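Engineer: For reference, the structure I am asking about is given below.
Computed from the coordinates by the stated procedures, all read-outs in this text should not be read as laboratory data. Please read these numbers as outputs of a predicted model, since none were measured by experiment. Backbone-built Cβ (ideal geometry, glycine too); neighbour counts: all protein chains shown.
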Amino acid sequence: MSDAAANKAILKQAFDLWHETKGDSVDHWMSIMADTVDFRSLADGKPGLEFTARRRSKAEVGEYMSGLLAMFEMISYTVDFYVAEGDRVIAIGSTSWRNRQTGEPFDTPKSDAVRFKDGKIIEFFEIYDTAVVMACAGGAAP
């Protein structure tokens, strides 16, 4: 199996589990993160979504996950397709979540650009509709 295919399989398993457990697979995500990782989110720590600030270590990614799951409850996470080449995998799909405090749901297209080294994630950048997420979180759109 090529590195690209192996990396795609690692990411596919993680996202399948993420969806099936409705976000209760943080331990699995931690197991595939390198100790040093560049984890970025399009919202980049904007007010109301401070947990989305750039993270640089596995422990900090755990903080991101805790913030996400404290604020929102996953409804679904669907990856429609993966594009893999060399050490990079792009996942393209959609996701739905519900604000735990207000009960308000949101849906957004979602893409993740992921880079691997030795079977571990060393870079992760998530792209989604920040205006929709900010509105659901109770903040103004960026």
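Engineer: Explain nothing, just compute: Karplus ³J(HN,Hα) = 6.51 cos²θ - 1.76 cosθ + 1.60, θ = phi - 60°, for every residue of segment 33-39 in order, whole Hz, x for Gly and Pro.
Structural biologist: Working through the residues one at a time gives 8, 5, 4, 10, 9, 9, 10 Hz.
Engineer: Would you pull out the residues with amide H under 5 Å of residue 117's amide H, same chain only if 5 or more places away, H placed 1.01 Å from N?
Structural biologist: 122
Engineer: Report the residues of segment 1-43 in range of a label on residue 113: point 7 Å along Cα→C-beta, backbone N strictly under 18 Å from it.
Structural biologist: Output list for this probe position: 8, 37-43.
Engineer: Another question, then. Between residue 75 and residues 5 or more places away or on another chain, which pairs have amide H atoms under 5 Å apart, with H built 1.01 Å from N, and which residues are they?
Structural biologist: Residues meeting the amide H criterion: 96, 97, 98.
Engineer: Per residue of segment 118-125, in order, report the coupling 6.51 cos²θ - 1.76 cosθ + 1.60 (Karplus, θ = phi - 60°) as ³J(HN,Hα) in whole Hz, putting x for Gly and Pro.
Structural biologist: With the stated coefficients, segment 118-125 comes to 6, x, 10, 6, 10, 9, 8, 10 Hz.
Engineer: If you plug each phi of segment 80-92 into the Karplus form 6.51 cos²θ - 1.76 cosθ + 1.60 with θ = phi - 60°, what whole-Hz ³J(HN,Hα) values come out, in order, with x for Gly and Pro?
Structural biologist: Whole-Hz 3J(HN,Hα) from phi for segment 80-92: 7, 6, 10, 10, 10, 8, x, 9, 10, 9, 10, 10, 10.
Engineer: Using only DSSP helix segments of four residues or longer, with each worth -39500 (n - 2.57), what per-residue ellipticity at 222 nm results for the chain after dividing by its residue count and rounding to 500? Please report the intermediate quantities before stating the final value.
Structural biologist: On the way: 4 runs with 46 residues, N = 142.
Value at 222 nm, helices only, nearest 500: -10000 deg cm²/dmol.
Engineer: From the C-alpha gyration tensor of the chain, pull out the three semi-axes of the equivalent ellipsoid (sqrt of 5λ each), sorted largest to smallest, in whole Å.
Structural biologist: The three semi-axes for the chain are 25, 16, 14 Å.
Engineer: Filter the cross-link list 46/110; 12/117; 12/46; 58/120; 8/117; 8/110 down to pairs whose alpha-carbon distance in this structure exceeds 20 Å.
Structural biologist: Working: 46/110 18 Å; 12/117 16 Å; 12/46 29 Å; 58/120 11 Å; 8/117 13 Å; 8/110 17 Å.
Correct reply: 12/46.
Engineer: P(r) tail for segment 62-116, what percent of Cα pairs lie past 19 Å? Walk me through the numbers before you get to the answer.
Structural biologist: On the way: 611 of 1485 pairs.
When all Cα pairs of segment 62-116 are counted, 41 percent exceed 19 Å.
Engineer: Search the structure for amide H atoms under 5 Å from the amide H of residue 37, placed 1.01 Å from N in the peptide plane, and list their residues when 5 or more places away or on another chain.
Structural biologist: It is 57, 58, by chain and number.
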